Amino acid sequence: MPARDRVAVVFVHGFFSGPHTWDPLVNLLEEDEEMKFADVHRFPYSSPKLRLRPDRRIPDFNDLADRLRTFLELRADRYERFVLVAHSQGGLVVQRFLSRVIADTRGPDLASIKSVVLFACPNEGSEFALSLRVRFLRNPQEQQLRPLHEQVQDAQRRVLEKIVYAKELGPGSCPIPFHVYGGTEDNIVRRSSAQSNFPQPRMLAGDHSGIIRPTSPDADVYQALRTHVLEASQTPGPQAAVPVAGPPHPGDRDKAQRFLRALPPHAPWLRGLRTQNFYTHSGKVDRLFDEAVTELMTDPVWYVDPALHEADAACQQAAQDLNEATEGLFADPLTPAALAALDGLAHPQDSYVLRPGQYRPGVTEHKLHELRVVFFERYDALVRLLNERSLLTP
């Protein structure tokens, strides 16, 4: 059977685990004569309890999501159909990957994914041993397993709206069926978290690890997986690509120029906001960013192109969230006389520094960092789309 007629079944393991966790399911799948069209691929990633080497770090969900994207892209030339199967934290990695692709307005890139199967995924976090985890684990993966983590919830909302309930393939959407299962004896990921807001959730026998360890081909978990892989094998290949957009609308060109004047990609202050430590975040950067956000939020004109409108709305929301988080953090440390003696300031607020007491190292910095990551993800997605539409130049 040619590779393009086969189905790639990609297994994504969970927290403190590895590809071996899938052995029971994979063995049954490979021994099933009726499933010979399915090729097994295990997505490995680092999930250690601790990282003792100072030259290495534990990857966070964004790292893992982008790594999964690369993993699938390297196999995309061989398969027209993929099924993603995830356990526990692996389901959050899959959702972060899908969310980031949609945020990049690359919906057609997901067209070969025919099904997503989640087993015991903590969609709303896990409270199991939470106080001990918070106290003793300094692990970026564990942090996003805590109940109702903001980035996890944001990714899930986008997945539900733009993938699970999507009606058509486009830059900002791609319909993919989700099959969500919880474990009847699972005390690590309770039923409410495993099922969350996904449609038609189901339960399987087993605890958190036992749910994916069938002992025979008749086990419900294997029969469920088998059914979803068979369904994927019978679906058409990737849907037709979205037609290339025609010449940009003149109104969109004017709108794009207003956006680029407010947030110019190559402006030194914006590059500084992208890379600098928030301990050195200056009043000037804060002022310019606030002015840009105000200008964008008060522009009454929308993009005509639906994809641009969607990407612009996402970018504006992320910009507003970051701008609001810095409100009240800065104050003028100089007396009026000292300020008057300074040369080279375009605006008095340029001398502002972080206000003592308002800025809490570690806590505030972590929050600002997360908001900054989201903003630049959405900003870069919009700029890429403007470039595709030939709207980056006057």
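Pairs are defined by a Cβ separation below 7 Å, a sequence spacing of at least 6 or placement on different chains, a first member in the range 206-219 that is more than 14 Å from residue 119 (Cα to Cα), and a second member that is among the acidic types (Asp, Glu) and surrounded by fewer than 17 Cβ atoms within 10 Å (Cβ to Cβ); the pairs so defined are 217/32.
Within the range 306-319, the set of residues being modelled with pLDDT of 90 or more and of a type in the set (D, E, K, R) comprises just one member, 312.
Just the residues that are more than 11 Å from residue 121 (Cα to Cα) and part of a helix (DSSP H, G or I), please, taken from the range 192-210. Working first, answer last.
So the first thing to find is which residues in the range 192-210 are more than 11 Å from residue 121 (Cα to Cα), and the list is 197-207, 209-210.
Answer for the range 192-210, where residues must be more than 11 Å from residue 121 (Cα to Cα) and part of a helix (DSSP H, G or I): just 210.
Taking the range 159-184 as the search range and keeping residues that are part of a loop (DSSP other than H, G, I, E, B) and under 17 Å from residue 84 (Cβ atoms), which one is most open to solvent (accessible area, probe 1.4 Å)? In this case the residue turns out to be 177.
Scanning the range 292-312 for residues that are surrounded by fewer than 15 Cβ atoms within 10 Å (Cβ to Cβ) and among the hydrophobic types (A, V, I, L, M, F, W, C) yields 297, 301, 302, 304. Looking across the range 202-239, the residues that are open to solvent by 50 Å² or more (accessible area, probe 1.4 Å) and touching a helix residue (DSSP H, G or I) at 6+ places or on another chain (Cβ under 6 Å) come down to 213, 217.
Within the range 358-367, can one find any residue that is assigned to a helix (DSSP H, G or I), modelled with pLDDT of 85 or more and under 21 Å from residue 288 (Cβ atoms)? No: zero hits.
Residue pairs whose Cβ atoms lie under 8 Å apart, separated by 6 or more positions or on different chains, with the first residue in the range 15-36 and in contact (Cβ under 8 Å) with a residue 24 or more places away in the chain and the second basic (Lys, Arg), are 16/49; 19/42; 22/42; 24/213; 25/213; 29/226; 32/226; 35/226.
Restricting attention to the range 64-87 and to residues that are open to solvent by 10 Å² or more (accessible area, probe 1.4 Å) and farther than 18 Å from residue 111 by Cα, the residue that is farthest from the chain's Cα centre (by Cα) turns out to be 87.
For the range 89-112, how many residues meet the condition of being more than 11 Å from the chain's Cα centre (by Cα) and open to solvent by 10 Å² or more (accessible area, probe 1.4 Å)? Count: 5. Could you go through the range 185-194 and let me know if any residue there is crowded, with 21+ Cβ neighbours inside 10 Å and in contact with a strand residue (DSSP E or B) (Cβ under 6 Å, 6 or more places away or on another chain). Taking every residue of the range 185-194 in turn, at least one turns out to be crowded, with 21+ Cβ neighbours inside 10 Å and in contact with a strand residue (DSSP E or B) (Cβ under 6 Å, 6 or more places away or on another chain). Just so you know, in the range 67-90 the residues that are of a type in the set (D, E, K, R) and touching a helix residue (DSSP H, G or I) at 6+ places or on another chain (Cβ under 7 Å) include one that is nearest to residue 24 (Cα to Cα), and it is 81. On the given criteria, is residue 286 open to solvent by less than 80 Å² (accessible area, probe 1.4 Å), at pLDDT 90 or above and either in contact with a helix residue (DSSP H, G or I) (Cβ under 8 Å, 6 or more places away or on another chain) or among the hydrophobic types (A, V, I, L, M, F, W, C) (or both)? Criteria not met by residue 286.
The values are calculated or read from the model by the stated rules, or taken from the named source; none is laboratory data. Quick caveat, the model's predicted, so the values are computed rather than measured. Note that we place each Cβ from the backbone using ideal geometry, even for glycine, and neighbour counts take in every protein chain shown. What goes into the accessible areas is simple: the full protein's heavy atoms, side chains included, and nothing from ligands, DNA or RNA. Shrake-Rupley method; radii C 1.70, N 1.55, O 1.52, S 1.80 Å.
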